[in-house]
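Computed from the coordinates by the stated procedures, all read-outs in this text should not be read as laboratory data. None of these values were measured; they are calculated from a predicted model. Note that each Cβ is placed from the backbone with ideal geometry, even for glycine, and that neighbours are counted across all protein chains shown.
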There are 2 protein chains.
Amino acid sequence: MIRILNEKEIKSIVSLDLSVIAAIETGFSELDRGNALVPPIMMIPVPEKKGEVDIKSAYIKGYDQLAIKVASGFFENSRLGLPSQSGLMLVVSAETGFLQGVLLDNGYLTQVRTGAAGAVAAKFLAPQTADSVGVIGSGMQARFQMAALMLVRPFSTIRMFSLDPDDARDRYVRDMQRQLNVRVINAPSIEAVVKESAIVVTTTPARQGFIKAAWLHPGLHITAMGSDTEEKQELEADVLARADLVACDLKTQSMRLGELRSALAQNRMTADSPVAELGAIINGRTPGRSDGRQITVCDLTGVGVQDTMIAINTLKIATERNIGLTVS
Amino acid sequence: MIRILNEKEIKSIVSLDLSVIAAIETGFSELDRGNALVPPIMMIPVPEKKGEVDIKSAYIKGYDQLAIKVASGFFENSRLGLPSQSGLMLVVSAETGFLQGVLLDNGYLTQVRTGAAGAVAAKFLAPQTADSVGVIGSGMQARFQMAALMLVRPFSTIRMFSLDPDDARDRYVRDMQRQLNVRVINAPSIEAVVKESAIVVTTTPARQGFIKAAWLHPGLHITAMGSDTEEKQELEADVLARADLVACDLKTQSMRLGELRSALAQNRMTADSPVAELGAIINGRTPGRSDGRQITVCDLTGVGVQDTMIAINTLKIATERNIGLTVS
C-alpha cells in the first residue's frame, strides 16, 4: 500500500518545531557515526530553462525506511508567475525496497528540514544568548531560519538585508513581526546587519561572497545556507580563514558545493584545514563553541539524511492519523 | 496537476510493440547526437537486506518532460514471498520542473524498455534471418527479450537454458509456446543453446562468464542484458575479444557495470578497443552488422534515455485517454 500526501495534508501534520529539529540532529549524528549511506547528489540539468532537478537520498542503518528527494529549481518560472522551486519525496521500505509513500510537498519539507539544520547549527555553535540576530535575504528560508533560530536562541530583534524589491522586504518585516512577535528592522546594509547581530544567517543564491571578514566581531556566529552548487558563494573566503571554528554539515559536499569550495579555490583554506562536521560536534567527538568570544561559521549544503529523517517522520504521522490517499 | 497510474492501468495502455521499440531507438539516437544529459546512476545500498535502490534519469533536449526512475532490487524478498524487483517512474516537466506523473509500474516499464533495447540491438546487429534463437534464463526478461526479438527477427524455435527450478522452466516453455506460437526447447546445456542458435540473449544475474568463446560460430549475435553492476558477468572475456563487432548501449556505463568492465579487468580489451554505441549505429555514424558471417555482441546495461522515452510516452497516452488518478 502506498500513501500519497499533498502539500496541504503535509503542512497540517508537520511544522518546524523541536521534534523536527531533534530528528534532524539525530540524522547528523547517525551520519557522523558512519550509519548513513549518502550517495552523491544526482543532478539533472535542463540548461535551456536555467533549470535543474536534483536528487538526494540517504539510507540510515537501523531505520526501516529511506527517502529519495526530488527537488527542482527552474529559474525562469517567475516569468510564468510560478514558483521556481518544487519537488517531492518518496519513502521506500528499507526492508523490501517497495514504495510506501509519496510526499507531494512542493519543497515544503526541504524548507522545514533546512530551517531545522540551521537550528542545530545554532544550538551547538551560536553564543548562548543573542538578543539581536540578522538574516540576509527575505525569501522562504529567511523566514524558516529565523523561526528555527527562535526555538533554540530566543531573540527580540531581527535585522534583515535583502536585494528583493521593496514590497517583498516590507512583507518580510510584517510577516515576521507577527509570526515571531519580535522587532524586524529593514537594515540599510549587510555590514549593519553583521555588526549589530550576534548570529547571522545567509539565505541567498549569491554567486559572490558578500560578508567581509573585516565586519566579524567577537562572539559572532554565521550560518551560511545559500550555497549548494559550484557557482554559489555567500561568504568572502577570508571569513572562513578568520573564523575560530569552521563547521559544516558534510565536509566532502561543502568542499564541492558550499563555502568551503570557494575558500579552497581562493587558497584561503586547504583540504587539511580543520573543519568540524555538525554530527561530530553533536556526538561530542569534536568541540562546538567553547567560549563566548569565538567567531564561528557553519556552512550548510543540505544532506540526504535530513530528507530521510523528515520524510520518515512525516509518513509515520500520516499513517498513525490516516491522512492522505492510499493506493495499492 | 499530477497524474498517478498504477501497474494495472499502465499495463492496459503500454505493451512491448513496435511503437515502444521505435521510441527506445529514438532515445539511443538522441543520446548519440549529444542531445541527452544522462547523470551517473545513483545507487543507494541497503547491505543488511542485500538490497539496493537505483535511480536513473535523463533529460533529452527538445522534449518537454524528463523521467526519473527508482528501481529496487532486494534479494531477500523471495523469503517473504515477495518479488525482489520493484520501482516506479516520475515524469517531471522540463519546462517548469513540476512533477506531472507518478507511474507506479513496479518495474513493468523497465521490463518493456529493456526488452525493446534488445530488439533495437537485434535490428542493427543480428543476422537478417534467424530461424532458431536462444535465451539463457527463464525469468521475466527471458520472456520480454524473446517477445521483442520476434518483432524484429521472426523465428520459429527458442532454445532455453536456465538454472531455475524445473517448474519455472516448464512454465517458461508453456508460456512462450502459447504467447509466441513457436517451439520452445528446454536445452540440456548453454553450449547447446549457443551452438544451435543464430541469436542468443543472456538474461541472468550471473557473476561469472558462462558463454565461452569456443562456442561462437559465424553469424552469431549475442545480446547480454544481465550485467548491470560491478559484480555481474555473463560472457567470458574472450567472447568480446573474439567478436568481430562489439556494441553496447553506453560505453562509459558498460565499462563500469557491464561486460566491458569484465573484459577490461581481464585484459581482453583496452579502453581504446573499438566498441560501437547503439546510437552511433542507429545514426549511421558507425557500421552495424555488415555481413552474414560476422560475430556480433551487444552489451546492454540500461540507460536513463530509455526510461525517459517510455515514461513520457506512457503519460502521454494516459493523459489522452484520461486514465489514472489526478491530484493537484
_Can you tell me which residue is nearest to B:Ala311 (Cα to Cα) among those in segment B:49-60 that are within 7 Å of chain A (Cβ to nearest Cβ) and of a type outside the set (Phe, Trp, Tyr)?_
B:Ser57
*Would you mention how many residues in segment A:296-328 are without any contact (Cβ under 8 Å) to a residue 40 or more places away in the chain and outside any helix (DSSP H, G or I)?*
1
*Filtered residue count, segment B:76-93, keeping only those that are more than 9 Å from every other protein chain (Cβ to nearest Cβ), within 17 Å of A:Met1 (Cα to Cα) and either over 21 Å from the mean Cα position of the chain (by Cα) or of a type in the set (D, E, K, R) (or both)*: 1
*Kindly indicate whether B:Pro154 is more than 14 Å from chain A (Cβ to nearest Cβ), outside any helix (DSSP H, G or I) and in contact (Cβ under 8 Å) with a residue 12 or more places away in the chain.*
no
*Filter segment A:269-309 for residues that are among the charged types (D, E, K, R) and more than 25 Å from A:Lys232 (Cβ to Cβ); which is surrounded by the fewest Cβ atoms within 10 Å (Cβ to Cβ)?*
A:Asp291
*Filtering segment B:53-70 down to residues that are in a strand (DSSP E or B) and of a type in the set (Gly, Ala, Ser), which residue is farthest from B:Asp105 (Cα to Cα)?*
B:Ala58
*Going by the conditions given, is A:Lys11 under 19 Å from A:Ile323 (Cα atoms) and surrounded by fewer than 20 Cβ atoms within 10 Å (Cβ to Cβ)?*
yes
*Are any of the residues in segment A:310-325 surrounded by 21 or more Cβ atoms within 10 Å (Cβ to Cβ) and under 17 Å from the mean Cα position of the chain (by Cα)?*
yes
*Tell me, please, whether a residue that is hydroxyl-bearing (Ser, Thr, Tyr) and surrounded by fewer than 18 Cβ atoms within 10 Å (Cβ to Cβ) can be found in segment B:165-173.*
no
*If you go through segment A:94-106 one residue at a time, how many are in contact with a helix residue (DSSP H, G or I) (Cβ under 9 Å, 6 or more places away or on another chain) and either closer than 13 Å to A:Leu5 by Cα or in a strand (DSSP E or B) (or both)?*
6
*Which of the residues that make up segment B:11-42 are away from chain A (no Cβ under 14 Å) and either among the hydroxyl-bearing types (Ser, Thr, Tyr) or not in a helix (DSSP H, G or I) (or both)?*
B:Ser12, B:Val14, B:Ser15, B:Leu16, B:Asp17, B:Ser19, B:Thr26, B:Ser29, B:Arg33
